[in-house]
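The next block holds one structure in the form of structure tokens; read it before the comments.
Readers should treat all values here as calculations from the given coordinates under stated rules, not as data from a laboratory. This is a predicted model, so every value here is computed, not measured. Ideal geometry is used to build each Cβ from the backbone, glycine not excepted, and the neighbour counts take in all protein chains shown.
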Amino acid sequence: MSEERFELNTLYELLQERKRLLPENSYTTYLFQKGLDKILKKVGEECTEVIIAAKDQDKKETVYEIADLTYHILVLMVEAGISVEEIREELAGRHVIDHKIKQEKMASDQE
């Protein structure tokens with residue numbers, strides 16, 4: 001039995017569909033119906049829970065809370081019309097900048 005590989009894009013697309021269809025008895029529907037303030041409140045709560053779990057050095061709980069935070073961040077992204085690709089491009093751009101800065105620093109250190 002082959003297990004399907006989980007992808008953030010797949011979850012993002014599911015969240016977009018949930019926003020469009022608003023199925024009953026869905027937590028995601030609840031968040032979208034309550035709107036941006038509720039979504040932001042949940043993102044804040046999940047951030048705090050990640051910090052507490054990490055501070056306690058509880059890896060299992062930290063992973064669990066990061067997963068919750070990731071879900072709520074993706075809900076926020078759908079609500080704000082921000083795609084996973086836009087985030088990937090932003091991070092890739094930062095990597096290029098960081099890489100160039102490191103190269104420049106190494107070159108100046110060798111002078």
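What's the total number of residues in segment 19-53 that are under 17 Å from the mean Cα position of the chain (by Cα) and without any contact (Cβ under 8 Å) to a residue 40 or more places away in the chain?
The total comes to 13.
Could you figure out which of (1) under 12 Å from the mean Cα position of the chain (by Cα); (2) without any contact (Cβ under 8 Å) to a residue 40 or more places away in the chain; (3) surrounded by fewer than 17 Cβ atoms within 10 Å (Cβ to Cβ) isn't true of L69?
(3)
Check E24, E7, E45 and return the single one that is acidic (D, E) and surrounded by 11 or more Cβ atoms within 10 Å (Cβ to Cβ). Walk me through how you get there before you give the answer.
Values: E24 fails: surrounded by 11 or more Cβ atoms within 10 Å (Cβ to Cβ); E7 fails: surrounded by 11 or more Cβ atoms within 10 Å (Cβ to Cβ).
E45 is the lone residue from the list that is acidic (D, E) and surrounded by 11 or more Cβ atoms within 10 Å (Cβ to Cβ).
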